[in-house]
Amino acid sequence: MLLPSSVLSPKSVKISILLTLPVVDYIVSIAKVHRISIFSLGYFDLQIEPAQVGFLLIFFRYHSVFLFKTLIDLIIFDLPGKLRRFVVVYTLLSVAYNSRVSIRTQVNELCPLVSITNIFQNANWLEREAWDMFGVFFFQHPDLRRLLTDYGFSGYPLRKDFPLTGYLELWYSSFTNKLLYLPISLPQEFREFTYDSFNKFMSYWFEFHSGSVLFDTEAGGFYDKKFNKQPTNSLLLFSF
């Protein structure tokens, strides 16, 4: 059903066409849609199968009722533990109707998506970034190369199972005047902070050192015992 005419401005009359039940029924009849959600006036979300992405994007771009001719962004987030761990979201904009739509689907490492570079040209770099960061493969992409990481980079940095330290570290050698990839070496050992270790750390931090600034609650501010200054309310630097 249409929204009440009292809430529609002259510029948003056309938006009501997108929110009719016959249009929703038509979309469900031509594509395998799992869910359609309407969030606000002129914005709705569709959850579809990966094989329907190309068809629905062409439909939304060229159909006179929608005219979603702008691909705003391609978003991916990782859900480890699920059969289809990667949620891929295409966000489209219709300037003619002042409306947005999000088309989302779920894939995994072995399930590729068809490239949409023949539909939206700006999807070229968006799909390259998705391949570089998450390892989502786009079939029939004209130039699917890494975009942000270095040549020979191993792994996909934005996956949840990728280690925070990575696998290699980059060093500049003053002897060879080259960049070297070396195994990761952490010079500082891992320290487990507990409640007791935190108290020891804080007691060491607030010890009396030469030039140290201590916080004295009874004095009402920060107090420097070395120079016997008056308490202040401003934050002073510690010097050891």
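Side notes on the structure shown:
- Taking the conditions (1) in a loop (DSSP other than H, G, I, E, B); (2) touching a residue at least 40 places away in the same chain (Cβ under 8 Å); (3) not hydroxyl-bearing (S, T, Y) in turn, G152 satisfies each one other than (2).
- Taking the criterion of being within 17 Å of I58 (Cβ to Cβ) and either free of Cβ contacts under 8 Å to residues at least 60 places away in the same chain or out of contact with any Pro (no Cβ under 9 Å at 6 or more places or on another chain) (or both), the residues of region 105-123 that qualify are T105, S115, I116, T117, N118, I119, F120, Q121, N122, A123.
- Count of residues meeting criterion [of a type outside the set (S, T, Y), out of contact with any helix residue (DSSP H, G or I) (no Cβ under 7 Å at 6 or more places or on another chain), assigned to a loop (DSSP other than H, G, I, E, B) and modelled with pLDDT of 85 or more] in region 155-202: 7
- Under the condition of being in a strand (DSSP E or B) and either acidic (D, E) or out of contact with any helix residue (DSSP H, G or I) (no Cβ under 9 Å at 6 or more places or on another chain) (or both), the residues counted in region 86-101 number 5.
- Residue within region 79-97 that is within 19 Å of Y26 (Cβ to Cβ) and not hydrophobic (A, V, I, L, M, F, W, C) present: yes
- Top-ranked residue in region 102-123 [being outside any loop (DSSP other than H, G, I, E, B) and more than 18 Å from the chain's Cα centre (by Cα); ranked as surrounded by the fewest Cβ atoms within 10 Å (Cβ to Cβ)]: V114
- Residue within region 162-171 that is of a type in the set (V, I, T) and farther than 22 Å from T105 by Cα present: yes
- Subset of region 77-86 (residues that are at pLDDT below 95 and either out of contact with any strand residue (DSSP E or B) (no Cβ under 9 Å at 6 or more places or on another chain) or hydrophobic (A, V, I, L, M, F, W, C) (or both)): F77, L79, P80, G81, L83
- Pair list, Cβ < 7 Å and 6+ apart or interchain, from region 171-198 residues that are under 21 Å from F153 (Cα atoms) and among the β-branched types (V, I, T) to residues that are assigned to a strand (DSSP E or B) and at pLDDT 75 or above: I184/L168; I184/E169
- If you filter region 124-135 down to residues that are of a type outside the set (D, E, K, R) and part of a helix (DSSP H, G or I), you find that the one that is surrounded by the fewest Cβ atoms within 10 Å (Cβ to Cβ) is W125.
- Here region 161-175 is the region considered, the condition is being more than 17 Å from T149 (Cα to Cα) and of a type in the set (S, T, N, Q), and the residue that is surrounded by the fewest Cβ atoms within 10 Å (Cβ to Cβ) is S174.
- For region 31-54, filtered to residues that are surrounded by fewer than 12 Cβ atoms within 10 Å (Cβ to Cβ) and either touching a Pro at 6+ places or on another chain (Cβ under 7 Å) or not basic (K, R) (or both), the residue that is modelled with the lowest pLDDT is S40.
The values are calculated or read from the model by the stated rules, or taken from the named source; none is laboratory data. Quick caveat, the model's predicted, so the values are computed rather than measured. We place every Cβ from the backbone using ideal geometry, glycine too, and count neighbours over all the protein chains shown.
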